[in-house]
1. Look at Ala343 and say whether it is touching a residue at least 24 places away in the same chain (Cβ under 8 Å), away from ligand 1 (no atom under 16 Å from the Cβ) and assigned to a helix (DSSP H, G or I).
2. Return only the number of the condition from (1) in contact with a Pro (Cβ under 9 Å, 6 or more places away or on another chain); (2) surrounded by 21 or more Cβ atoms within 10 Å (Cβ to Cβ); (3) not hydrophobic (A, V, I, L, M, F, W, C) that Thr258 does not satisfy.
3. Checking the conditions here, which among Ser150, Ser155 is farther than 27 Å from Asn94 by Cα, small (Gly, Ala, Ser) and near ligand 1 (Cβ under 10 Å from one of its atoms)?
4. State whether one or more residues within the stretch 273-283 are part of a loop (DSSP other than H, G, I, E, B) and free of Cβ contacts under 8 Å to residues at least 60 places away in the same chain.
5. Just a yes or no: is a residue in the stretch 224-240 in a helix (DSSP H, G or I), in the same structural domain as Glu133 (by TED's automatic domain parsing) and under 20 Å from the mean Cα position of the chain (by Cα)?
6. Tell me which of these Gly101 doesn't satisfy, since it passes every other one: (1) farther than 27 Å from Tyr151 by Cβ; (2) surrounded by 21 or more Cβ atoms within 10 Å (Cβ to Cβ); (3) out of contact with any Asp or Glu (no Cβ under 8 Å at 6 or more places or on another chain).
7. Of all residues in the stretch 162-181 being of a type in the set (A, V, I, L, M, F, W, C) and buried (at least 19 other Cβ atoms within 10 Å of the Cβ), which is farthest from ligand 1 (Cβ to nearest atom)?
Amino acid sequence: MNAVGMAVLLAAMVAGTASGEARVARPSDAKPGVAPETGVEVRILSKHRPARLRLDGPRSLEVFASRDVLLVDGRAVSPPLRLESGRWRIRGRNLDRRYEGSLSLDARAGELIIIATFAVETYVAAVTASETEVDTPFEALRAQAITARSYVLASGRRHEEARACDLTHCQVLRGEGFARHLARARDAARSTEGVVLRLRDGAIALAPFHASCGGHTAEPVAVFGAPDLTGAAAVPDRCPASPWSAVVSRAQVTAAATEALGSPAQAADLLLDRDSSGAVVRVVDRASGRDARGDAFFRALGARAGWDRIRSARFSFAFGGERVLVEGQGHGHGVGLCQAGAALLARQGQTAEQLLAHYFPRALLSHTKDK
Ligand SMILES: [Zn+2]
Ligand SMILES: [Zn+2]
C-alpha cells in the first residue's frame with residue numbers, strides 16, 4: 001500500500017475509534033497483507049494461559065477451551081470466534097482486564113488463544129502507559145509514544161498467530177486499569193499522532209527502547225546485527241549508572257555459552273568483546289575459536305539466571321570456584337531510547353523532538369502520511 005492509502009486508512013481507523021462506534025468484525029475484515037495499518041493484532045493474556053473467561057462488552061458471554069474445542073455459553077462453536085470492536089472487560093481466575101478493540105478467540109490444548117486487534121493509536125497509548133513509570137514527564141512520554149509507534153509499524157509479524165505479543169518480547173501491553181497512567185499516555189499519543197522516526201532511506205525505524213543504559217547507549221549493529229534498522233547510535237547519556245550484581249553458577253554460564261555458540265564451551269574459556277559503551281557485543285570461546293553475538297549470550301544467560309538478575313549486556317565476570325560474580329550497569333539491551341535518561345532530560349526542559357534526536361541521530365521525524 002502506498003503512503004497516502006496508509007494515511008487514509010489510519011485516519012479512518014482513528015476517527016472510527018474516537019467516535020466510539022462499535023463495528024461488527026466480519027471475516028472479510030481480515031487483511032493479513034496490509035496490517036498493521038488497519039490495526040495491530042496482539043496476542044493477549046498468553047502468560048495467564050486462561051481456560052475459562054467471562055467477557056462483557058458489546059455483549060456478554062462465557063468462553064471455555066475444552067482441549068481444542070471452543071465453547072461459548074456451553075455450546076461448541078467453530079473457531080475463530082470473532083467479536084466486534086468495543087470496550088471489552090475480560091475476567092477469569094485472578095484476572096480482570098479491559099481492552100478497547102476487536103477480539104478473536106480460539107481453543108488450543110485447553111487454553112484460550114485471544115487475539116485483540118487495536119487501532120494503531122489505541123495500541124500506542126496502551127503501550128506507552130504500560131512501558132513507563134507513573135512519574136514520567138510528559139515530553140518523555142511523547143518520545144516513548146513516537147518510539148513505540150515506529151517500532152510496531154516497522155516490525156513485521158513477530159508471532160505465528162499475531163503481529164505481536166503483550167510481553168517484553170514485543171512491547172508490554174497491559175489492559176486498561178493495569179496500564180499505569182493511561183490518560184496521560186493517551187494525551188502523549190494524541191499529541192504525536194502519526195509521527196514516526198524514519199531511516200534515511202525513508203523506511204520507518206524499528207526504534208527500540210530500554211529502561212536504563214547505565215551512562216552510554218549501545219551501538220545497534222553490535223547488539224542486533226547489520227543492517228541497522230533502528231536509526232539509533234551509541235551516545236553518552238546522563239542517566240544514573242544503575243549498577244547491579246548477581247551471583248550465578250558456573251554451570252549456568254557454561255550452559256548459556258553452549259547455547260549461544262552452538263557447541264559445548266567452558267565458562268573459563270570465554271572472552272567477552274565490548275563496544276565503546278562497555279556492552280558485551282561478542283563472546284569468543286578460546287578453546288574452539290567459535291564466537292557468537294553478545295546479545296545471544298546475554299539472553300541465554302538471562303533465561304537461566306533470571307531476567308531480573310542479569311539486567312543488561314554491560315557486564316563482567318569474576319570466577320570463584322563454582323560461583324560466578326556478574327557485575328554490570330544499566331537495565332535492558334541499551335539500544336535506542338533510554339527511558340531513565342529521557343525522563344531526566346525531559347525534567348531539564350528537553351522536548352520529545354530533542355530527546356529523539358539524541359537517541360536516534362541516524363533517524364528523522366516525519367509523519368506516516370509523508371514518505
Ligand atoms: Zn512477542
Ligand atoms: Zn541512559
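The values are calculated or read from the model by the stated rules, or taken from the named source; none is laboratory data. All values derive from a computational prediction rather than experimental measurement. Here Cβ is always computed from backbone atoms with ideal geometry, including for glycine, and neighbour counts include all displayed protein chains.
1. Values: touching a residue at least 24 places away in the same chain (Cβ under 8 Å): yes; away from ligand 1 (no atom under 16 Å from the Cβ): yes; assigned to a helix (DSSP H, G or I): yes.
Against the criterion (touching a residue at least 24 places away in the same chain (Cβ under 8 Å), away from ligand 1 (no atom under 16 Å from the Cβ) and assigned to a helix (DSSP H, G or I)), Ala343 qualifies.
2. (2)
3. Residue meeting the stated conditions: Ser155.
4. Yes, some residue in the stretch 273-283 is part of a loop (DSSP other than H, G, I, E, B) and free of Cβ contacts under 8 Å to residues at least 60 places away in the same chain.
5. For the stretch 224-240, residues in a helix (DSSP H, G or I), in the same structural domain as Glu133 (by TED's automatic domain parsing) and under 20 Å from the mean Cα position of the chain (by Cα): present.
6. (1)
7. Taking the candidates together, the pick is Ala179.
Okay, residues lined up against (1) within 15 Å of ligand 2 (Cβ to nearest atom); (2) over 30 Å from Pro137 (Cβ atoms):
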site: Ser276; (1), (2): yes, no
site: Asp308; (1), (2): no, no
site: Phe315; (1), (2): no, no
site: Gly320; (1), (2): no, yes
site: His333; (1), (2): yes, no
site: Pro361; (1), (2): yes, no
